[in-house]
Amino acid sequence: MVIYKIYSQIRYSIIPIAALLYNEIRGGTGQQPGWVYNLAIIYGIMAGSWSILAWYRETYQLDSSVLHITRGVFTVSQRTIPLIKITNIKIEQSWIYRLLGIANVELQTSDSNASADARLVTSSKMAESLKKSLGHSERRNVNTSSKEHHVTQKEILMLSMSSNTFWLGLPITVAVIQQFWSWLSPEPEEEQASFVELFKRETWSGITLSDSIKVSLILGAFLVSCALITWLFSLGTAQLRYKSWQLSRSGDVLSIHYGSLERKSVQFQVKRIQSLRIKDLMFGRLYGYASVYIDCVGYSGERKVKLLIPSIRTSELTEVLGRMLPEFQLQAPERAIHRNAKFAAATPVLLMLVIGIIAGSYFTLWFLLMISFLYIVYRYITYSYANTKWECTANLFVLRKAGFNQTTVYLLRESVESISIRQSSWQKLFHIYQLKMEIDSPANFREYLMSGVTYPDYEEILRWYKNKS
């Protein structure tokens, strides 16, 4: 702990110190005035002494039902937290934490998704004792065997093909390969043409069909190579991030353990879960894999997306979630939204594309090839709205939103804070509304929006919310 405090003290103060002594250090002669070295020695002694004193004055005491925290050198603060009031606990260990045998612990006691109510850096042994004590206080009146689910490496492999690391890293990979290629085979600089040249007839007059095919093949091969490199990088980061992902439940407490270089452990109560979200990612769904997320009060999850299971076979979803979370009964929604919804969404998009194609065709007839793209956009919007379904069951509101990534939300009725509808002037022409389910700090509020609802549908959902038949 002393080493960690000294490291933290130096890490956060090295930049202002370097800025203060920049003019003296810039000479680089090694003959700076003696006061520079004396100041560095004095600062080192003060930082070390303060770290030792702060470590000595920071104490934790854990008994059967209460955690006592005392900290401070000149101003001493004491805090007592009953274990029964702790709803969530998160333990993180980076590589330097593991090297020093310490852990960062975050405790949540409030009914919100705000920042942690208490943070402490303590030994790994103390963190494990606190986690076990919290789990024992939740399970002391429950006689239930533990249930577990492990994520395999093959499932993580499927996840890496659809992760944000792949999609966000692809343009970066393209730029890096371009710079690397220009460095390996430099060519004489050519005169730079303005963007306006692209819209002149002379620019397109000398291009033949064979030239277009050749350039398209080269461009396609280049993009495929970039995609392969990005996927390999995404695969490596996914294996490090989600390695040894284990989900377990004992009584009313769910625990998640995962990580390679940085180990993390999260523990929260099942009664804090508001909704279950199942995402069929674009490439993963082709091979029958999905990811499971939750919206849980006080649980932020991996990368703030509240991840429960990174990847799982869709054929195993019902069995695994029925065993781990029997409070949620999975079933497919069957009620479709109003057919006017697709026309309300497609009309402005298609209108903008048509105007763009007409304007581009004035300069070159090649722009007529965009008509196929126009058809693809229309088919995608039609597919999305035609396959968006919803249902009201006994205690769940189920919403499945189709698209490249299909998301199915199972929302508990008692977690809904309010239900609202809105209607724009454009939607008014099609006699549809947009419905919104309000919950406490959702990871993505768009997943609780449903466009294309009629007013009778809204009244039926409202009766379900009021628990009226």
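Considering only the other residues whose Cβ falls under 9 Å of the Cβ of ILE69, what net charge follows from Lys and Arg at +1 and Asp and Glu at -1? Net charge around ILE69: +1. In this structure, the residue pairs whose Cα-Cα separation is over 24 Å, taken from LYS401/LYS428; LYS147/LYS436; LYS90/LYS401; LYS304/LYS401, are LYS147/LYS436; LYS90/LYS401. Peptide packing: for 169-181, 408-420, the average count of neighbouring Cβ atoms within 10 Å per residue gives the ranking 408-420, 169-181, highest mean first.
How would you rank ARG277, ARG323, ARG400, going from fewest to most other Cβ atoms within 10 Å of each one's own Cβ?
Starting with the residue having the fewest Cβ neighbours, the order is ARG323, ARG400, ARG277.
When a/c reaches 1.5 or more, the comparison of a/b and b/c decides; with that in mind, is the range 335-465 rounded, prolate or oblate per its Cα gyration tensor? The shape class here is prolate. Would you work out if the range 227-328 is rounded, prolate or oblate? Take a ≥ b ≥ c from the square roots of the eigenvalues of the alpha-carbon gyration tensor; rounded if a/c is under 1.5, else prolate when a/b is larger than b/c, oblate otherwise. It is oblate, given that a/c is not under 1.5 and a/b is not larger than b/c.
Most tightly packed first, judged by the mean number of other beta-carbon atoms within 10 Å of their residues, the peptides 421-434, 305-318 read 305-318, 421-434. With neighbour counts taken as other beta-carbon atoms within 10 Å, the residues ASP117, ASP252 rank, fewest first, as ASP252, ASP117.
Using only the Cα atoms of the range 53-125, build the gyration tensor, take square roots of its eigenvalues as a ≥ b ≥ c, and label the shape rounded, prolate or oblate: rounded if a/c is under 1.5, else prolate if a/b is larger than b/c, else oblate.
Numbers: a/c = 1.64, a/b = 1.10, b/c = 1.49.
The shape class here is oblate.
None of the figures in this text is laboratory data; all of them are computed from the coordinates on show. Keep in mind the model is a prediction, meaning the values are calculated, not measured. Reconstructed Cβ throughout: ideal geometry from the backbone, glycine too, with neighbour counts over all protein chains shown.
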